[in-house]
Amino acid sequence: MTARLDGTAALVTGASSGIGAATARQLAAEGSAVALAARRIDRLEALAAELRDQGGRAVAIEADITDREQAVAAVKRTVDELGRLDTVVNNAGVMLLGPAVDAPVDEWDRMVALNVQGLLYVTHAAVPHLLEAAETGPRRVADLVNISSVAGRTTRVGSGVYNLTKHGVGAFSDSLRQELTGRHVRVSLIEPGAVATELTDHLRPESLAALATVFADIERLEAPDIADAIAYVVTRPRHVAVNEVLIRPTDQVN
């Protein structure tokens, strides 16, 4: 049986851990060659070696996508080494929570730089290649998947700037979807709820304690749960576009 993504290539940002690493594994299992982009090159190289050992094609790309030149270079290297680009998963992101009053402004800067500008840089560089893949590729369709959050639909005290970035990702994604869908480039938004990943590792202690209280009684999703949803989206037939997936733990109310 032919894997559903045979002959295609994908770029996954934030691929050194969590949802990004799980997604890379899932796409490789579906037959895609995979470019892994993040700052932690040691982790990327280990994951690339794992995928190659399993018979796949993978390239590790050290990149800080908040730097436009590095984001553009990551896309270029993907195409240069893998020959094409059919799927992009904009997964890289950071969540820094806490009250807005007296907040460290550098935390706001970091979230806007990665969650919004980094995503935009990668998208801008990738779209011409996705359009070409939709015209000439084996599946005659291409996919841009942006990872947002439940925080892109709701707001909470202490989450204002994170909410801002994820609401912005949702707005940009739907506008771009309308622009590209007639050319068979599908733009999809994935909105996870509470997931057990390293996303919370960057929180200040007081913010981490507050978040732990909120989700104390919830069995969190695991990274492969989100990767499974992403794989579902990008393996649909050419005439099927899944525009948005909101995925929460069963126990999570909002």
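The values are calculated or read from the model by the stated rules, or taken from the named source; none is laboratory data. Keep in mind the model is a prediction, meaning the values are calculated, not measured. No Cβ is skipped: glycine too gets one built from the backbone with ideal geometry, and neighbour counts run over all protein chains shown.
Residue 116 satisfies every condition listed in (1) surrounded by fewer than 20 Cβ atoms within 10 Å (Cβ to Cβ); (2) β-branched (Val, Ile, Thr); (3) over 21 Å from residue 169 (Cα atoms) except (3).
Within the set 99, 138, the sole residue that is modelled with pLDDT under 95 and within 25 Å of residue 232 (Cβ to Cβ) turns out to be 138.
Filtering 144, 246 for residues that are surrounded by fewer than 20 Cβ atoms within 10 Å (Cβ to Cβ), under 16 Å from the mean Cα position of the chain (by Cα) and either of a type in the set (A, V, I, L, M) or at pLDDT 95 or above (or both) leaves a single hit, 246.
For region 78-109, the tally of residues that are surrounded by 17 or more Cβ atoms within 10 Å (Cβ to Cβ) and assigned to a helix (DSSP H, G or I) stands at 5. A Cβ distance below 7 Å, combined with a sequence gap of six or more or placement on separate chains, defines the contacts here; from region 149-170, residues that are of a type in the set (Asp, Glu) reach no residue that is modelled with pLDDT under 95 and not in a loop (DSSP other than H, G, I, E, B). Would you confirm whether any residue within region 98-111 is closer than 29 Å to residue 159 by Cβ, in contact with a Leu (Cβ under 9 Å, 6 or more places away or on another chain), of a type in the set (Asp, Glu) and touching a residue at least 40 places away in the same chain (Cβ under 8 Å)? Yes, that holds for at least one residue. In region 3-61, the residue that is farthest from residue 133 (Cα to Cα) out of those that are among the hydroxyl-bearing types (Ser, Thr, Tyr), touching a residue at least 40 places away in the same chain (Cβ under 8 Å) and in a loop (DSSP other than H, G, I, E, B) is 17.
Out of all the residues in region 108-127, is one or more over 18 Å from the mean Cα position of the chain (by Cα), at pLDDT below 95 and either of a type in the set (A, V, I, L, M, F, W, C) or over 17 Å from residue 75 (Cα atoms) (or both)? No, region 108-127 has no match at all. Does residue 180 qualify as being in a helix (DSSP H, G or I), buried (at least 17 other Cβ atoms within 10 Å of the Cβ) and out of contact with any helix residue (DSSP H, G or I) (no Cβ under 8 Å at 6 or more places or on another chain)? It is false that residue 180 is in a helix (DSSP H, G or I), buried (at least 17 other Cβ atoms within 10 Å of the Cβ) and out of contact with any helix residue (DSSP H, G or I) (no Cβ under 8 Å at 6 or more places or on another chain). Within region 12-46, being in contact with a strand residue (DSSP E or B) (Cβ under 6 Å, 6 or more places away or on another chain), surrounded by fewer than 24 Cβ atoms within 10 Å (Cβ to Cβ) and not β-branched (Val, Ile, Thr) holds for one residue alone: 45.
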